[in-house]
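The values are calculated or read from the model by the stated rules, or taken from the named source; none is laboratory data. Here the structure is a predicted model, which means the values were calculated and not measured. Because the Cβ atoms are built from the backbone with ideal geometry, glycine has one as well, and the counts that use them run over all protein chains shown. Surface accessibility is based on the protein's heavy atoms, side chains included, excluding ligands, DNA and RNA. Shrake-Rupley method; radii C 1.70, N 1.55, O 1.52, S 1.80 Å.
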Amino acid sequence: MENTFWQPEIETLPRKELEKLQVEKMRKVLARAQQSAFYSKVFADIGFKPEDFKTVDDIRRLPFTTKDNLRANYPFGLLTCSKDDIVRMHCTSGTTGNPAAVLYNRHDLDSWANLVARSMFATGARASDIFQNMSGYGLFTGGLGFQYGAEKLGCMTIPAAAGNSKRQIKLMRDFGTTCAHSVPSYLGRLHAVFLENGLDPKKDTQLKRLFIGAEPHSEETRQRIQEMFGCKAFNSFGMTEMNGPGVGFECQYQAEMHIWEDCYLLEIVDPETLEPVPEGEIGEMVITTLDRQAMPVIRYRTRDLTRIIAEPCKCGRTARRIDRIKGRSDDMFIIKGCNVFPIQVERILMKIPNVANDYLITLNSTPEGDTMLVEAELHPDFFTDDYPQLRTLQQKIARELCDEILFTPQVKLVPPGSLPKTEGKAVRVKDNRKG
Ligand code: ADP
Ligand code: ZN
């Protein structure tokens, strides 16, 4: 039988042994963390010693680490080794104030590349694949993270970076790209450029797999991407604070993402009480790095909302899976007393064939109260400026949105390509009510 695992022993480790391994690794991580200015103080404050860590549940004796902690201790406050040993840094976008910076030694980079290689392998990608990375390079981890992971797997890699769709298509066709990585929101635009040039990615490329991640997206969006490109799309989860991509990934069954629990300790907590939620319930994902030396992070509050899927996966990997990310707790907005996640709007829009892939939610405050406008681009195949026809469709969408979010927003269908585009992660909500 063909080799299905990148690291068979680790990936199929029975859960009891996996937990034993986690405890062993945790003690080492804590001992290292204690070398940093930040954690030595945190541990001293609660009188905690790394050797006190005996079972996985002891994690609850430790306080959480937040993005604010990382910012306040920027750039070296969490470093556990000499600066001479650092070989790379990445950081989050940090448009206001300090970003959260992550520092890597050589071991950390090897371990990260290995996890990305393991993730790609789990989807069925192999050394013989030709991999094109359509993600931004530079400080954003999706560039170099996938680059070194794909090289470790042995793929010929094309560091195409983000944007420049015509060149992406040329590279894909000239080099016979078989798998590629992108933020999901870019793929609709790329597809449009294929069509404008009289090409169909289903026939005119050799794509078999797309890795899509870095932003929340719905199952409906995945289905659309698969239909547009005629290949499989795999959900990829990562975040800078946890290295970058390669924290969680779907296997060949596309049945939600395995979190690589030999390297990340996973908890789901209630974001209000910070107590663990019963298994299978939605809460905030909290992660501890188990294999990072230069800058371990303990009980990091990701703000991402998801749940654990406890049932074992058909693939035989024992790492548990998490459900598609519902959104970040800070993405949620409240309007007319209703809690809304952008992904709820996306799910409804993507079910409607007349609607293309881009949409924008604008929130305004008026003397009559708050308003929510959903603008969605019409699909070029269904473009019309016949007002009565548009109005009927807008009303239908507004009704369906109301069933989902419990009040009726304004809906406006706009011509294809007319909404603002970003390079990298898509901006889906403009909240003009703040400040
Ligand atoms: P920034 O915080 O600057 O956006 P990151 O690139 O590190 O920087 O973003 C990580 C975040 O991106 C995650 O915390 C999560 O909210 C989101 N994310 C990453 N992958 C996925 C995914 N597959 N599905 C949904 N959200 C994702
Ligand atoms: Zn699986």
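Some notes on this structure:
- Relative contact order of the chain, pairs being alpha-carbon contacts under 8 Å that are 6 or more residues apart, as %: 14 percent
- Cross-link pairs beyond the 28 Å C-alpha cut-off, checked among 25/152; 202/421; 326/396; 41/430: 41/430
- In this structure, the amide hydrogen of residue 412, modeled 1.01 Å from its nitrogen in the peptide plane, lies closer than 5 angstrom to those of 374, 375, 376, counting only residues at least 5 positions away or on a different chain.
- Solvent-accessible area of residue 191 with every protein chain in place, 1.4 Å probe, in Å² to the nearest 10: 30 Å²
- Antiparallel content of DSSP bridges confined to region 333-431, in %, to 5: 60 percent
- Hydrodynamic radius of the chain by the Kirkwood approach over all distinct alpha-carbon pairs: 23.0 Å.
- Split the chain at each of the GluC sites (Glu not before Pro) in a DSSP loop with at most 12 other beta carbon atoms within 10 Å, and the longest piece is 3-271.
- Share of carbon and sulfur in the accessible heavy-atom surface of the chain [1.4 Å probe, %]: 51 percent
- Exposed-site-free run, longest, the chain (rule: trypsin sites (Lys or Arg not before Pro); DSSP loop; at most 10 other C-beta within 10 Å): 55-313
- Top of 387, 253, 39 by mean-square fluctuation, Gaussian network on the chain, Cα under 10 Å: 387
- Residue 81 accessible area, 1.4 Å probe, all protein chains in place, Å² to nearest 10: 30 Å²
- Remark: the chain carries 44 Å² of accessible area per residue (probe radius 1.4 Å; ligands, DNA and RNA excluded).
- Mean projected area in nm² (Cα convex hull; one quarter of hull surface) for region 333-431: 6.5 nm²
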